[in-house]
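Below is the structure I would like to discuss, written out as structure tokens.
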Amino acid sequence: MRPETLKALVAARAEGREIALATRLADGAERLIDLTVPPSDELGAKAVGAAVRDESGPVELQGETWFLNIFNPPVGLVIVGAVHIAQPLSRMAATMGWTVTVIDPRTAFASEARFPGVALSTEWPDEALQGIAVTSRTAVVTLTHDPKLDDPALRTALESRAFYIGALGSKKTHAARLERLEAAGFTPARLMAIHGPVGLAIGARTPAEIAVSILADIVRALRAAAR
């Protein structure tokens with residue numbers, strides 16, 4: 001690997017950017033592909049597809065073989081609302097190797113005692129999200145049922161690159177939520193990005209079961225583009 005390639009790769013990793021290193025096997029030619037921007041050619045498109053699958057490996061392109069090394073940051077899960085469901089949800093996500101942040105300005109809820117080892121923010125959700133690198137590898141889930149907390153977080157998430165946005169609540173609650181967000185200027189097409197009620201419909205009842213349904217739905221969305 002050329003020194004300049006290594007330097008650029010290290011910088012991208014430090015910034016948490018998705019990036020791929022393409023190496024032409026015939027002569028060792030190298031190319032870094034920024035996966036945060038739309039691909040400009042076929043090699044870039046193949047890199048994006050490989051990144052979605054989290055798969056490094058060889059690809060054939062116009063009679064040449066390139067090896068794609070994919071450098072994806074861990075999936076990030078931002079949980080708005082340090083409620084009872086957030087506890088098993090944060091633990092399960094951490095065991096999957098995801099980075100987890102729990103946001104709740106209510107310090108009695110967002111405490112180290114309730115969320116040991118989890119990154120906590122007691123800022124208002126929209127302010128906290130603006131300080132987090134929300135990428136196409138980030139999922140944002142709101143759990144508070146409180147429009148004063150959930151709505152600002154959802155507005156910020158809708159303006160971000162998050163690949164998954166979910167909101168807890170009944171169908172009636174979600175319908176009212178969509179009305180408020182549409183009144184705030186979001187189109188119905190954009191609001192379809194919100195998974196609500198959040199989670200797969202598996203009949204979950206307990207906090208841990210609901211956490212499983214949420215994680216399963218996030219994984220489904222993460223891998224959907226690879227199919």
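The values are calculated or read from the model by the stated rules, or taken from the named source; none is laboratory data. Keep in mind that what you see is a predicted model, and the values were worked out from it rather than measured. Ideal geometry is used to build each Cβ from the backbone, glycine not excepted, and the neighbour counts take in all protein chains shown.
For segment 1-103, which helices (runs of 4 or more DSSP H) that fit wholly inside it have 1 or more residues that are within 23 Å of Glu127 (Cα to Cα) and touching a Phe, Trp or Tyr at 6+ places or on another chain (Cβ under 9 Å)?
86-95
I'd like the residue in segment 182-208 that is part of a helix (DSSP H, G or I) and under 21 Å from the mean Cα position of the chain (by Cα) and, out of all such residues, is nearest to Ile79 (Cα to Cα).
Going through the qualifying residues, I end up with Ala208.
Go through segment 160-184 and give me each residue that's over 20 Å from Val219 (Cβ atoms) and surrounded by 14 or more Cβ atoms within 10 Å (Cβ to Cβ).
Across segment 160-184, the qualifying residues are Gly169, Thr173, His174, Arg177, Leu178, Arg180, Leu181.
Please determine whether any residue of segment 162-175 is free of Cβ contacts under 8 Å to residues at least 24 places away in the same chain, of a type in the set (Ser, Thr, Tyr) and not assigned by TED's automatic domain parsing to the domain that holds Ala14. It would help to see each step written out before you state the result.
Let us first name the residues in segment 162-175 that are free of Cβ contacts under 8 Å to residues at least 24 places away in the same chain, namely 172, 174-175.
Retained after the next criterion (residues that are of a type in the set (Ser, Thr, Tyr)): none.
Within segment 162-175, not a single residue is free of Cβ contacts under 8 Å to residues at least 24 places away in the same chain, of a type in the set (Ser, Thr, Tyr) and not assigned by TED's automatic domain parsing to the domain that holds Ala14.
Still on this model: Kindly provide the set of residues from segment 72-96 that are of a type in the set (Val, Ile, Thr) and either at pLDDT 95 or above or farther than 28 Å from Ala14 by Cβ (or both), ordered by number.
Selection gives Val78, Ile79, Val80, Val83, Ile85, Thr95.
Among the listed residues Thr156, Thr144, identify the single one that is touching a residue at least 24 places away in the same chain (Cβ under 8 Å), part of a helix (DSSP H, G or I) and among the hydroxyl-bearing types (Ser, Thr, Tyr).
Values: Thr144 fails: part of a helix (DSSP H, G or I).
From the options Thr156, Thr144, the qualifying one is Thr156.
Quick check: is even one residue across segment 90-103 at negative phi, surrounded by 16 or more Cβ atoms within 10 Å (Cβ to Cβ), in contact with a Gly (Cβ under 8 Å, 6 or more places away or on another chain) and not assigned by TED's automatic domain parsing to the domain that holds Asp217?
No: zero hits.
Further question on the same structure: Output yes when any residue across segment 129-151 is over 19 Å from the mean Cα position of the chain (by Cα) and over 18 Å from Leu181 (Cβ atoms), and no when none is.
The answer is no; no qualifying residue exists.
Still on this structure, please answer the following. Could you check segment 115-169 and list, in sequence order, the residues that are aromatic (Phe, Trp, Tyr) and touching a Leu at 6+ places or on another chain (Cβ under 9 Å)?
Trp124, Phe163, Tyr164
For Thr122, only one of the following conditions fails: (1) in contact with a strand residue (DSSP E or B) (Cβ under 7 Å, 6 or more places away or on another chain); (2) modelled with pLDDT of 95 or more; (3) β-branched (Val, Ile, Thr). What is its number?
All conditions pass for Thr122, except number (1).
Which one of these is of a type in the set (A, V, I, L, M), under 17 Å from Thr101 (Cα atoms) and outside any strand (DSSP E or B): Leu178, Leu149?
Leu149
Looking at the structure I just gave you, is Ser111 farther than 30 Å from Ala183 by Cα, in contact (Cβ under 8 Å) with a residue 24 or more places away in the chain and not in a loop (DSSP other than H, G, I, E, B)?
Judged against the criteria, Ser111 is not a match.
Right, here's the next one. Out of curiosity, is Arg24 outside the structural domain of Ser136 (by TED's automatic domain parsing), at pLDDT 90 or above, surrounded by 15 or more Cβ atoms within 10 Å (Cβ to Cβ) and among the charged types (D, E, K, R)?
Values: outside the structural domain of Ser136 (by TED's automatic domain parsing): yes; at pLDDT 90 or above: yes; surrounded by 15 or more Cβ atoms within 10 Å (Cβ to Cβ): yes; among the charged types (D, E, K, R): yes.
Yes.
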